[in-house]
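In what follows, a single structure is set out as structure tokens and then discussed.
The values are calculated or read from the model by the stated rules, or taken from the named source; none is laboratory data. All of these numbers come straight from a predicted model, not from anything done at the bench. Quick reminder, even Gly has a Cβ in these numbers, built from the backbone with ideal geometry, and neighbours come from all protein chains shown.
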Amino acid sequence: MADAVDVLVLGGGPAALCIAAELNQCGVEVAGIAPQPVDAPWPNTYGVWAEELRSLGLEHLLEHRWHDTVSYFGAGGEADQDQTLAHGIDYGLFDRAALQQHWLDRAEGVRWHHDSAESVDVGSMQTSVTCASGAKLLARLVIDASGSRTHHVRRPDQGPVAGQAAYGVVGRFSCNPIEAGRFVLMDYRCDHLSPEQRLEPPTFLYAMDLGEGVFFVEETSLALAPGVPYDVLKQRLMQRLDKRGVEITELIHEEFCLFPMNLPLPDRSQPLLAFGGSASMVHPASGYMVGSLLRRGPGLARAISVALKKPELGSAALARCGWQSLWPPELVLRHQLYQFGLGRLMGFNESLLRTHFATFFSLPQEDWFGFLTNTLPLNRLMAVMLKLFALSPWPLRRGLVLGAPRNQLPTWAQSKG
């Protein structure tokens, strides 16, 4: 059995690297357990509003940046073709290798064990982790940053967890699938769908011009339980491209994403701390998390480093300090408000969703930006939600209050009951 360290981090993805790096910067003795090498390339893309990184001094971590950022919320008929909603704020795509290296550099000296955690046993002063290899590692505090599918973190059962699913393609096309130099946050136009498909849960296009004739196009669902199957998303993406006379001429990369949007907050009395997806840090309104990792990681690391200086604190007490720092009462209440709103939107049909988002983005930029980045104080968040309700037409207000259940179960979900 290895000598005990201060903190043992489970996982090797963005959340694990982030918290290990920030703890290391605070002088904490850290080790990690990762099933894959922590310098292995990450498969998925990560987007962020550039202003989030500017405020952190990390704009250099962007690989791409767009000034022309738009959405479309029309139905897609001729009258809607020119109804482009300009957001007026830059959007960026992380340079994944640069972001990974940023955290690896800050985590220099952290020892990573290429293994997986099988069981976690909490003692009075230390926690023991048994690995798949049979190795046992000790730490005063264990942080699970291995993702939302972890079986080590306790959380209440609040019913099915809704997933945001996406199928995307990086490639070259017979003609531009979107305007050159443009980023499309949401394209809810549905003129490519059959009448039957329009009765099913809506999906939207998320797309960007990556330069040199390469584009990324991704068909995405807002949230659904169970999540929209990849074959449905792929079919819809192909229909969308075909409607606009676009063919894929070179497939460079396919992307498959499914992550939870309404995962309940963990039991914050448990003696195991969590971070990232394990800690339900995916934003219920936007599906984003990396910006939150960058903002909240340093504060959590500082709180843990202070608590570790008290030798009388065992694993449970240290975890309690961590939970209080990561999820203070205000952030818990904000999370609950977001989850309530998501629950309403999940029942909206295509027409109501288009109306909702068109209304939402008519709010002042600082309001919708703060809402999507979870940077509004609680009182301001409540005021923005009330303002949105006041601006909404009556059918949308009714849906926001009562919910708007869909008329029928989608054909692809009928077999699942």
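Of the residues contained in the range 36-54, one or more are found to be closer than 30 Å to Ala135 by Cα, touching a strand residue (DSSP E or B) at 6+ places or on another chain (Cβ under 9 Å), buried (at least 16 other Cβ atoms within 10 Å of the Cβ) and not hydroxyl-bearing (Ser, Thr, Tyr). The test for being assigned to a helix (DSSP H, G or I), of a type in the set (D, E, K, R), at pLDDT 95 or above and under 23 Å from Ser148 (Cβ atoms) holds for Arg296.
Please verify whether Thr84 is touching a His at 6+ places or on another chain (Cβ under 9 Å), β-branched (Val, Ile, Thr) and either under 30 Å from Asn349 (Cβ atoms) or free of Cβ contacts under 8 Å to residues at least 12 places away in the same chain (or both), treating the condition exactly as stated. Taking the combined requirement at face value, the residue does not satisfy it.
Within the range 227-248, restricting attention to residues that are among the charged types (D, E, K, R) and surrounded by fewer than 21 Cβ atoms within 10 Å (Cβ to Cβ), the residue that is nearest to Ser194 (Cα to Cα) is Lys243.
Residues that are crowded, with 21+ Cβ neighbours inside 10 Å and of a type in the set (A, V, I, L, M) within the range 121-152 comprise Val129, Leu137, Ala139, Leu141, Val142, Ile143, Ala145, listed in sequence order. Could you count how many residues in the range 106-137 are without any contact (Cβ under 8 Å) to a residue 40 or more places away in the chain and more than 23 Å from Gln270 (Cβ to Cβ)? Count: 2. Tell me whether the range 12-21 contains one or more residues that are more than 21 Å from the chain's Cα centre (by Cα) and either crowded, with 24+ Cβ neighbours inside 10 Å or assigned by TED's automatic domain parsing to the domain that holds Ala132 (or both). The answer is no, given that none of the residues of the range 12-21 is more than 21 Å from the chain's Cα centre (by Cα) and either crowded, with 24+ Cβ neighbours inside 10 Å or assigned by TED's automatic domain parsing to the domain that holds Ala132 (or both). Could you please let me know if Glu366 is outside any helix (DSSP H, G or I) and not hydroxyl-bearing (Ser, Thr, Tyr)? Taking the combined requirement at face value, the residue does not satisfy it. Gly399 meets the conditions (1) surrounded by 19 or more Cβ atoms within 10 Å (Cβ to Cβ); (2) in a helix (DSSP H, G or I); (3) out of contact with any Pro (no Cβ under 6 Å at 6 or more places or on another chain); (4) at pLDDT 85 or above in every case but one. The failed one is (4). Residues to consider are Arg320, Arg354, Arg398; find the one that is without any contact (Cβ under 8 Å) to a residue 24 or more places away in the chain and not assigned by TED's automatic domain parsing to the domain that holds Met186. After applying the criteria, what remains is Arg398. Whether any residue in the range 331-340 is crowded, with 20+ Cβ neighbours inside 10 Å, among the hydrophobic types (A, V, I, L, M, F, W, C) and touching a residue at least 12 places away in the same chain (Cβ under 8 Å) is what I want to check. Checking the range 331-340: not a single residue is crowded, with 20+ Cβ neighbours inside 10 Å, among the hydrophobic types (A, V, I, L, M, F, W, C) and touching a residue at least 12 places away in the same chain (Cβ under 8 Å). Scanning the range 256-276 for residues that are among the hydrophobic types (A, V, I, L, M, F, W, C) and either outside any loop (DSSP other than H, G, I, E, B) or surrounded by fewer than 19 Cβ atoms within 10 Å (Cβ to Cβ) (or both) turns up Phe256, Cys257, Leu258, Phe259, Leu273, Ala274.
Filter the range 106-145 for residues that are of a type in the set (Lys, Arg) and touching a Gly at 6+ places or on another chain (Cβ under 8 Å); which is farthest from Ala274 (Cα to Cα)? Checking each candidate, the answer is Arg111.
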